[in-house]
Amino acid sequence: MQPNPLYRIDEHEVRALIRRAPWMTLVSHPESGPVASPSPVLLDDEASAEDGIVLVTHLGRADARLHGLLAEAPEGGHRMLVVVQGEHGYVSPSWYLGGDAGQVPTWNFEMATLQCAVEVVDADENLRVLRRLVAHFEGPDGVALDISDEDNRGLAMGTIGLRLRVTAFDAKSKMSQNKSAETRASVIAHLEPTHPRLAARMRDAS
């Protein structure tokens, strides 16, 4: 992404974005060519502060094979780019006021691209990751994954658990910070009826 200090976000804000937008795109470039797969991803809250940002997720075995994760790791280990896409939406220049009037259309968005070292976890750890994913999205009153159930354990064999350690990231939250307070208020007001979550993110960035 084009660097701009006005829109750059730090590790704390990247962690918050990961929590808000857990449906991510995992990108690899094995010898056969680029591969991208969507997957639910969580922060590994058990990782130490020294480890930085660590993620846990899984892929279906067929997807993992396409990413080259079932083959011997190359020198330096398996690597992935994880794309985190938060709220985003079109911004019309007709919403701009005062000195901002007459400018071009744009797109407000929040996004992080995470360079990751990949660890393929063992079967038992994969089950624990799957249980955490189910518990996170089901909530406290939802269905729990019984990892002692043989049917569930059998189904889990069709997936590959991953721990992704973020080694570098590029993250940006472009929310009209370069516009006047008057224009930002106008953009928020126009977004509110159709995209209230983006409007809320703009308020937080103001």
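The values are calculated or read from the model by the stated rules, or taken from the named source; none is laboratory data. Being a predicted model, the structure only gives us computed values, none of them experimental. Cβ atoms come from the backbone with ideal geometry, glycine included; neighbour counts cover every protein chain shown. Accessible surface areas use protein heavy atoms only, side chains included; no ligands, DNA or RNA. Shrake-Rupley method; radii C 1.70, N 1.55, O 1.52, S 1.80 Å.
Taking segment 126-139 as the range and being part of a helix (DSSP H, G or I) and not aromatic (F, W, Y) as the test, the residues that pass are N126, L127, R128, V129, L130, R131, R132, L133, V134, A135, H136, E138.
Take the conditions (1) hydrophobic (A, V, I, L, M, F, W, C); (2) open to solvent by 70 Å² or more (accessible area, probe 1.4 Å); (3) at pLDDT 95 or above; L164 misses just one of them, which is (2). Note on segment 173-183: residues that are crowded, with 20+ Cβ neighbours inside 10 Å and either closer than 25 Å to V82 by Cβ or touching a Lys or Arg at 6+ places or on another chain (Cβ under 9 Å) (or both) total 4.
Checked against the criterion of being surrounded by fewer than 20 Cβ atoms within 10 Å (Cβ to Cβ), outside any strand (DSSP E or B), in contact with a helix residue (DSSP H, G or I) (Cβ under 8 Å, 6 or more places away or on another chain) and at pLDDT below 90, segment 115-125 contains one or more residues that satisfy it. Restricting segment 38-62 to residues that are in contact (Cβ under 8 Å) with a residue 40 or more places away in the chain and not aliphatic (A, V, I, L, M), the residue that is farthest from W23 (Cα to Cα) is D51.
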